[in-house]
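We did not get these values from a lab; they are worked out from the coordinates using the rules stated. Computed from a predicted structure; not experimentally measured. Cβ placement follows ideal geometry from the backbone for every residue including glycine, while neighbour counts extend to all protein chains displayed.
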Amino acid sequence: MKRIAAVAVAVAVTLGSIGVAMATDTATVTVSANIAGNCKFVTNTGTLAFGALDPSNAVLVNGTVSNPQFWCTKGTSYTIGDDNGLNEAGTTFQMKHATLADVIPYTFTYTKTGTGNGPTNTITMNIVGTVAAGTYVNASEGSYADTVTLTLNP
């Protein structure tokens, strides 16, 4: 009887092992993702202010700048372009009098290319603007302004 019980246990273990072996199989799952190369302005406004220009002492005036900030995906190359402002003359930037046809030319320069380091590493533009000496000697009194639109491309 003990022998029959031992054989029954041995058969059960053998059949159980065969059942497990037959049920085992594997599969693979491929996991993937793509990171888009993006660039976004964090602050989409800036200012370039020349203050009060004195025609009686028409010297070169450097503008005071509040620069826009942006970020680009890490490793993404970017380019920045502009539209030369609303009052351009060819490639010359010009501020226009609020009510008259008078204009005052100015320079508007900045770094136009680079590489991003991700959204936690913002990039501050380095805009430099000047009004050349003598360019506003005969300008009419009043407010002058221009708007330059910047385009950020990854």
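Could you please report the charge total around L53, scoring K, R as +1 and D, E as -1 over all other residues with beta-carbon less than 15 angstrom from its beta-carbon? Cβ neighbours under 15 Å give a net charge of -3. Less than 5 angstrom separates the built amide H of G63 from those of G129, T130, V131, all sequence-distant by 5 or more or on a different chain.
Dividing the Cα radius of gyration of region 107-146 by its Kirkwood radius returns 1.21 for Rg/Rh.
Across region 39-153, Cα pairs under 8 Å and at least six residues apart give a relative contact order of 37 percent.
Where only DSSP H runs of four or more residues are counted, the chain gives -5000 deg cm²/dmol as its mean residue ellipticity at 222 nm, each run worth -39500 (n - 2.57). Please give me the summed charge of the neighbours of P154: other residues whose Cβ is under 15 Å from its Cβ, Lys and Arg +1, Asp and Glu -1. The answer is +3. The length gained by stretching the chain between A98 and E141 to full extension, at 0.36 nm per residue less their Cα-Cα distance, is 14.5 nm.
Rounded to the nearest Hz, the phi-derived 3J(HN,Hα) couplings of region 52-65 under the Karplus curve 6.51 cos²θ - 1.76 cosθ + 1.60 (θ = phi - 60°) are 7, 9, 9, x, 6, 9, 6, 9, 4, 10, 8, x, 9, 10, where x marks glycine and proline. Computed from backbone phi with θ = phi - 60° and the Karplus coefficients 6.51, -1.76 and 1.60, the 3J(HN,Hα) list for region 29-44 is 10, 8, 10, 8, 7, 10, 9, 6, x, 10, 9, 9, 6, 8, 10, 9 Hz; x is used for glycine and proline.
Relative to the longest principal axis of the Cα atoms of the chain, helix 2-23 runs at roughly 30 degrees.
Computed over Cα pairs, the Kirkwood radius of region 39-153 leads via Stokes-Einstein (1.002 mPa s, 20 °C) to a diffusion coefficient of 140 µm² per second.
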